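**Q** Please read through the structure below; I'll follow up with questions.
The values are calculated or read from the model by the stated rules, or taken from the named source; none is laboratory data. Owing to the predicted nature of the structure, the values given are computational and were not obtained by experimental measurement. FYI the Cβ positions are ideal-geometry reconstructions off the backbone, even for glycines, and counts take in every protein chain you see. Areas reflect the complete protein model, heavy atoms only, side chains present, ligands, DNA and RNA absent. Shrake-Rupley method; radii C 1.70, N 1.55, O 1.52, S 1.80 Å.
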Amino acid sequence: MNVVLTSRSRRAPGYSALATLNFRVPRSGRRVGRMGFLARRQAIVTGQRAVACWAVLGVLLACHAAMIEAAPPAERDQLLPARDRLRAEAQELLNRGKGAEAMRAAQDALAISKKLFAANPAETLADWTLIGNVAEEIDDWQAAIDARNEAVRICATAAGKDHWVTTDLRVEAEKTARLKELSPADRRSLKRAIQDQAGIRQQFEAAHYAEALEIAERCRNVYERLWGAEHAETAAAWNDVGTVRQTQGDYAAGESAFRRALSIREKTLGAGHPLTAASLSNLGLLFSDQGKYAAAEEVFLRARQAVENAVGPDDMRSLTVVNNLALVHLKLGEFARAETSFRHVLKAFERIYGEEHALTADVLNNLASACANQGKDAEAERLMRRALAMRRKECGERHPKTAMSLNNLA
């Protein structure tokens, strides 16, 4: 995850806002995954879609572990690795354009999952998702639709029809049905738009913001025409436009784009969806950039409630919002409240990433800010020195973060 560096506060060391991630149900295949900007200087979702939605499916499988009717241990120990190899093989074959062979491997993996977990169909969700992906790539649209719909049915039974994972799978099923109805030329246009979004990232990182905006607007137009104006993918495209506009300092246009993305996500995904919370967080960061801290606090509080209800308080998405809300509390002079939040995030990061991770150093730096503003100078210095040592080790002596830590101690 990239980190957003913000300006230095009046009394405290410089501090870091964490990037808000745009989480979505991954899909596999040769198609390049959607590159989504999240807000100015934030992380960009990139890379090929994964075969198995492990982070998404974990919430389902953990809830139903007691239902698992497993095979005898010896058979299970033999078949589970075989299933995982088949999943990986299917993905590799698909990447090489061998769709028919990929489908056979994916179906064999599904057969093993069904045998091992007859009482817990949620264990087959990754397999149905993979089969849907393969079927799309070989233009077997009915098989793809059937696989997507089966995933929705299983997820709705396991987690409820209103669960955000069920919603994501339903959106994927609707997209597949829509793709079936499009002409080959329109499907090629969509594929080009998805691939073009890599160019947004490249232009953005090169500070070519006009070029990045041109690509973002072009992709948005394609999505509006082919997915529809009120589609979840169109919301993601609006998010890209808002990010570039914000970076250009056009806050009014950035806010308009982010609000459009938020409105679509509330309608299509629901107010409690993690992506809806991400849209709220983007607005919060935009308001913070403008010094509108009361407005930023309001949307961050909404984002925190939504994301914690969806994925729990210890998920990285929730911790990111807590960190950024605490930065707003620093600006509002609520230093004790900010300190409490930073200590919560720090404890979680030390558990998740370890005590020497770069993200842990960022939160240490933020916590030092809260302590310094309360006159806890010895504690603030201890935290800053620890952050400096970690940044020297992780980033090197010449990195901007290391320089910031040195400046804090000067």
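**Q** Just for region 153-172: of the residues that are out of contact with any Gly (no Cβ under 8 Å at 6 or more places or on another chain) and among the hydrophobic types (A, V, I, L, M, F, W, C), which one is nearest to residue 230 (Cα to Cα)?
**A** In this case the residue turns out to be 171.
**Q** Within region 197-222, can you find the residues that are within 20 Å of the chain's Cα centre (by Cα), charged (D, E, K, R) and open to solvent by less than 80 Å² (accessible area, probe 1.4 Å)?
**A** Residues satisfying the conditions are 201, 220.
**Q** Let me ask something additional. Could you tell me which of the residues 188, 245 is among the basic types (Lys, Arg) and in contact with a helix residue (DSSP H, G or I) (Cβ under 9 Å, 6 or more places away or on another chain)?
**A** It is 245.
**Q** Residues of region 376-400 being within 29 Å of the chain's Cα centre (by Cα) and not in a helix (DSSP H, G or I), which ones?
**A** The answer is 396, 399.
**Q** Kindly indicate whether any position in region 327-334 is part of a helix (DSSP H, G or I), open to solvent by 40 Å² or more (accessible area, probe 1.4 Å) and within 30 Å of residue 276 (Cβ to Cβ).
**A** yes
**Q** Hey, can you tell me all the residues within region 278-290 that are touching a residue at least 60 places away in the same chain (Cβ under 8 Å) and more than 17 Å from the chain's Cα centre (by Cα)?
**A** The answer is 286, 288, 289.
**Q** Considering every residue within region 265-277, establish whether at least one is open to solvent by 10 Å² or more (accessible area, probe 1.4 Å), touching a residue at least 60 places away in the same chain (Cβ under 8 Å) and at positive phi.
**A** Yes: region 265-277 contains one or more residues that are open to solvent by 10 Å² or more (accessible area, probe 1.4 Å), touching a residue at least 60 places away in the same chain (Cβ under 8 Å) and at positive phi.
**Q** For region 151-195, give me each residue that is within 21 Å of residue 216 (Cα to Cα), of a type outside the set (A, V, I, L, M) and more than 20 Å from the chain's Cα centre (by Cα).
**A** First, the residues of region 151-195 that are within 21 Å of residue 216 (Cα to Cα): 175, 185-195.
Checking the rest, the ones that are also of a type outside the set (A, V, I, L, M) come to 175, 186-189, 191-192, 195.
If the condition is that a residue be within 21 Å of residue 216 (Cα to Cα), of a type outside the set (A, V, I, L, M) and more than 20 Å from the chain's Cα centre (by Cα), then 186, 187, 188, 189, 191, 192 are the ones that fit.
**Q** Which condition number does residue 265 fail, the rest of (1) at pLDDT below 95; (2) under 30 Å from residue 161 (Cβ atoms) being met?
**A** With respect to (1) at pLDDT below 95; (2) under 30 Å from residue 161 (Cβ atoms), residue 265 is out only on (1).
**Q** Go through region 362-375 residue by residue and tally those that are under 27 Å from the mean Cα position of the chain (by Cα) and assigned to a loop (DSSP other than H, G, I, E, B).
**A** Of the residues in that region, 0 qualify.
**Q** Hey, among the residues in region 79-109 that are under 27 Å from the mean Cα position of the chain (by Cα) and in contact (Cβ under 8 Å) with a residue 60 or more places away in the chain, which one's nearest to residue 121 (Cα to Cα)?
**A** Residue satisfying both the conditions and the ranking: 91.
**Q** Next question, about the same structure. Given the condition more than 25 Å from residue 278 (Cβ to Cβ) and open to solvent by less than 30 Å² (accessible area, probe 1.4 Å), answer yes or no: does some residue in region 340-353 qualify?
**A** No; the residues of region 340-353 include none that is more than 25 Å from residue 278 (Cβ to Cβ) and open to solvent by less than 30 Å² (accessible area, probe 1.4 Å).
**Q** Within region 258-296, which residues are among the polar types (S, T, N, Q) and assigned to a helix (DSSP H, G or I)?
**A** 263, 268, 276, 279, 281, 282, 288, listed by residue number.
**Q** Just the residues that are over 17 Å from residue 93 (Cα atoms) and among the charged types (D, E, K, R), please, taken from region 113-144.
**A** 114, 115, 123
Let's see how each residue does on (1) among the small types (Gly, Ala, Ser); (2) closer than 25 Å to residue 158 by Cβ:
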{"site": "89", "(1), (2)": "no, no"}
{"site": "106", "(1), (2)": "yes, yes"}
{"site": "109", "(1), (2)": "yes, yes"}
{"site": "120", "(1), (2)": "no, yes"}
{"site": "123", "(1), (2)": "no, yes"}
{"site": "126", "(1), (2)": "yes, yes"}
{"site": "133", "(1), (2)": "no, yes"}
{"site": "144", "(1), (2)": "yes, yes"}
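**Q** Considering only residues that are closer than 21 Å to residue 160 by Cβ and of a type in the set (S, T, N, Q), look in region 101-136 and name the one that is surrounded by the fewest Cβ atoms within 10 Å (Cβ to Cβ).
**A** Among those that are closer than 21 Å to residue 160 by Cβ and of a type in the set (S, T, N, Q), it is 120.
**Q** Moving on to the next point. Would you call residue 399 surrounded by fewer than 16 Cβ atoms within 10 Å (Cβ to Cβ) and touching a Lys or Arg at 6+ places or on another chain (Cβ under 7 Å)?
**A** It is true that residue 399 is surrounded by fewer than 16 Cβ atoms within 10 Å (Cβ to Cβ) and touching a Lys or Arg at 6+ places or on another chain (Cβ under 7 Å).
**Q** Do any residues in region 230-254 that are open to solvent by less than 10 Å² (accessible area, probe 1.4 Å) have Cβ atoms under 7 Å from those of residues that are assigned to a loop (DSSP other than H, G, I, E, B) and modelled with pLDDT of 95 or more, where the two are at least six apart or on different chains, and which pairs are they?
**A** These pairs meet every condition: 234/227; 234/228.
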